[in-house]
Amino acid sequence: MRRAWHTTVLLLLMTVSAWADAQVFDVARLGEDPVPAQVVSGALDADFAGVPPSRGQAAIVESRRGVSWWRVTAREPLAPRPGQTLVLNFPYMNAVQAWRPGDALPVRLNLVGPDADLSHSTRGHFIPLPDGLARGESVYLRLECVTPMRIALTVEGVREAHRKDLTYVGWRVGVLSTTLVLAVLVFGFWVGIGERSYLYLMLALFGQVLYLVTTGGDLRAFESLSALMGQDLRASRIFALAAFISSNSFMAYYLDLVNRQPRINRVLTVCSLAALALIGWSIFSVSGLIPTLANTVVLVAIAAVIWAMGVAVGKRQNGALLLVFAMMPLVLLVALRAAVRLEMIGMPPWLDYVYPAGFMLSGLIVTIGLTGKMHQLRRDRDHASHMASYDALTGANSRPVIESHLRNAVAEAHDSGAPLSVVFFDIDNFKRINDQHGHRAGDECLKLVAMRTRNRLRTYDQIGRYGGDEMIVILPDTALKEAIGVAENLRSAVNCRPVATDDLQLEVTLSLGVAQLLPGETAEALLERADAALYASKSAGRDQVTGHVRSLLQAASAPPR
């Protein structure tokens with residue numbers, strides 16, 4: 001409650017301060033660029049045209065690019081105060097030369113370059129007025145306008161100026177660093193998952209950060225980056241247009257406009273191509289026509305995006321409502337900014353704070369939403385991986401997976417010298433079950449056999465379906481004698497009682513072959529010997545286990561000792 005009261009009082013004080021500034025100054029404009037000495041001497045005062053306060057506050061409202069002169073005249077005496085300044089709020093890259101009463105040379109003001117005042121933040125140009133102003137005295141301003149906008153005029157003491165500087169710097173650092181962290185996080189998602197929507201969002205966030213820091217002068221302390229800032233706005237225009245193209249691509253991909261709304265997708269594609277052409281133009285030119293065309297394209301794209309989001313929500317498209325919630329504030333802010341640049345409306349005083357925050361908020365919400373999508377993609381990938389790794393019918397390992405396990409087990413056994421055995425089995429007369437009772441009964445029979453045999457194995461044993469009704473069991477750390485015992489256990493697990501499927505009671509038996517890995521033997525050779533042992537069990541009457549000692553053929557042909 002106390003905090004709300006303090007906030008209310010602060011807002012009232014700011015309102016009173018703004019009203020006081022409006023009463024203190026008269027503002028007039030001269031659209032020509034004569035010799036400065038003529039203007040400062042007062043010889044051209046009669047040519048200045050008075051400008052009424054903008055929204056109750058003294059302000060420079062420039063709607064044209066180029067050079068213009070402004071006269072700021074004190075209506076009431078402004079008392080001398082140490083550290084007192086006349087502040088031109090949020091001039092961005094518009095440079096100013098200021099002549100105070102008695103000045104022979106101007107105070108040069110710019111956010112970047114040699115005229116930058118590093119003792120203050122980039123929220124404004126600060127003209128020292130420690131001696132105050134008498135009634136009727138004027139400060140003459142020569143404005144080099146590269147971006148038409150409204151520049152509010154306020155008078156601030158040193159404590160108030162520093163407090164506002166700290167607030168502004170903290171706000172900018174928080175917004176920009178959060179947006180940059182989101183961009184890096186989304187980049188990590190893209191690298192890890194490969195989903196294109198993350199790539200488009202990452203490029204849009206990086207482009208927005210670069211645009212904000214180049215237009216706001218946040219990197220002016222780094223001389224090596226000064227070329228990206230200043231009155232040559234080509235870099236900031238390129239970054240803004242690149243972010244715009246990436247945002248269009250993200251929206252089109254996220255909403256699947258190619259398939260769901262092809263007409264809207266074509267509109268966004270044309271807007272992106274137009275923005276790409278403007279990027280090429282911006283590389284070679286600083287024409288004032290570029291931002292006009294760019295903002296027109298932005299407004300067209302925004303209208304298309306709003307329509308696309310509305311249609312997606314109406315069709316209950318997955319993720320559309322979250323996208324509306326995330327993007328609508330930013331879309332409205334960008335539209336408002338474009339309308340200001342096109343001189344369709346005036347510049348709201350709060351837009352300079354809210355505009356960069358809109359990028360951060362939208363990026364944060366979209367990132368959170370994409371995190372949910374990432375989890376869904378991961379679940380889908382895990383499910384697909386599970387489906388590829390396991391046989392859908394029996395739940396045992398698929399053939400590629402069990403063969404891979406066998407190769408790994410053979411390599412480990414050779415390295416460690418531990419025994420390794422393999423059991424190869426199939427269902428006796430399985431074709432007769434399919435022919436007499438149908439494939440559904442055969443499938444149920446195979447499923448129950450796999451379940452019964454799997455339940456008799458150790459946790460680190462591996463079972464897999466090799467093909468049809470053939471199954472492979474890998475028994476690490478198991479010699480042939482113990483493996484034959486395991487095979488007998490598997491056989492008894494199946495033939496101990498009938499297999500019940502639908503209304504049928506089927507007597508099911510297994511034939512099994514067992515082989516132990518020999519020194520230097522490959523996985524393929526081991527499997528062939530187990531298969532030979534399996535067919536030996538078949539030949540001997542089925543429902544039995546045969547162990548393959550080296551090779552039945554080798555054993556028969558071995559010379560006597």
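The values are calculated or read from the model by the stated rules, or taken from the named source; none is laboratory data. If you're wondering where the values come from, they're calculated on a predicted model, not measured in any experiment. Using ideal geometry, Cβ is built from the backbone for each residue, glycine included, and neighbour counts are taken over all protein chains shown. What goes into the accessible areas is simple: the full protein's heavy atoms, side chains included, and nothing from ligands, DNA or RNA. Shrake-Rupley method; radii C 1.70, N 1.55, O 1.52, S 1.80 Å.
Here are a few things to note about the model shown:
- Residues His439, His125 ordered from highest to lowest accessible area at a 1.4 Å probe: His439, His125.
- Ranking of Arg452, Arg75, Arg234 by solvent-accessible surface, largest first: Arg75, Arg234, Arg452 (1.4 Å probe, protein heavy atoms only, all chains present).
- Point-to-point label distance, Phe284-Thr509, nm (Cα→Cβ direction, 7 Å offset): 8.9 nm
- Label zone at Arg542 (point 7 Å along Cα-to-Cβ), backbone N below 19 Å, region 437-464: 437-450, 453
- Within-12-Å neighbourhood charge of Lys315 [Cβ basis; K, R +1; D, E -1]: +1
- Share of carbon and sulfur in the accessible heavy-atom surface of region 37-157 [1.4 Å probe, %]: 54 percent
- Centre separation in Å (Cα based) which lies between region 97-127 and region 419-492: 86 Å
- Sites Asn489 and Ile368, calculated FRET efficiency, Cβ-Cβ separation with R0 60 Å, nearest 0.05: 0.70
- Order by protection proxy (mean Cβ within 10 Å, highest first), peptides 273-282, 242-251: 242-251, 273-282
- Take the Cα of Arg399, go 7 Å toward its beta carbon, and the backbone nitrogen atoms of region 494-525 under 20 Å from that spot belong to 511-513, 523-525.
- Length gained on full extension, Leu518 to Arg163, computed as 0.36 nm times the residue gap minus the Cα-Cα distance: 119.6 nm.
- A simple spin-label model places pseudo-atoms 7 Å from Cα toward Cβ; at Asp33 and Ala277 they are separated by 3.0 nm.
- Cβ-derived FRET efficiency at R0 60 Å, Val67 paired with Asn408, nearest 0.05: 0.20
- Region 428-492 - percent of accessible surface contributed by carbon and sulfur, probe 1.4 Å: 48 percent
- Ranked packing of 318-324, 164-170, 33-39, most packed first, by mean Cβ within 10 Å: 318-324, 164-170, 33-39
- Reachable lysines, given that their alpha-carbon falls under 24 Å from the alpha-carbon of Lys447 and they are not under 8 places away in the same chain: Lys431, Lys538
- Area of Val61 that stays accessible when all protein chains are in place (1.4 Å probe, Å², to 10): 70 Å²
- Working from label points 7 Å from Cα in the Cα-to-Cβ sense, the Ala79 to Ala392 distance is 8.7 nm.
- Alpha-carbon centroids, region 44-79 and region 287-316: separation in whole Å: 35 Å
- When all protein chains stay in place and ligands, DNA and RNA are ignored, the 1.4 Å accessible-area order of Lys538, Lys481, Lys447, largest first, is Lys481, Lys447, Lys538.
- A cut-off under 11 angstrom between Cβ atoms defines the neighbours of Leu504, and their net charge, with Lys, Arg +1 and Asp, Glu -1, is -3.
- For Ala413, the shell of other residues with beta-carbons less than 13 Å away shows a net charge of -3, using +1 for Lys and Arg and -1 for Asp and Glu.
- Using the empirical formula 2.2 N^0.38 Å as the baseline, the Cα radius of gyration of region 418-561 reaches a ratio of 1.08.
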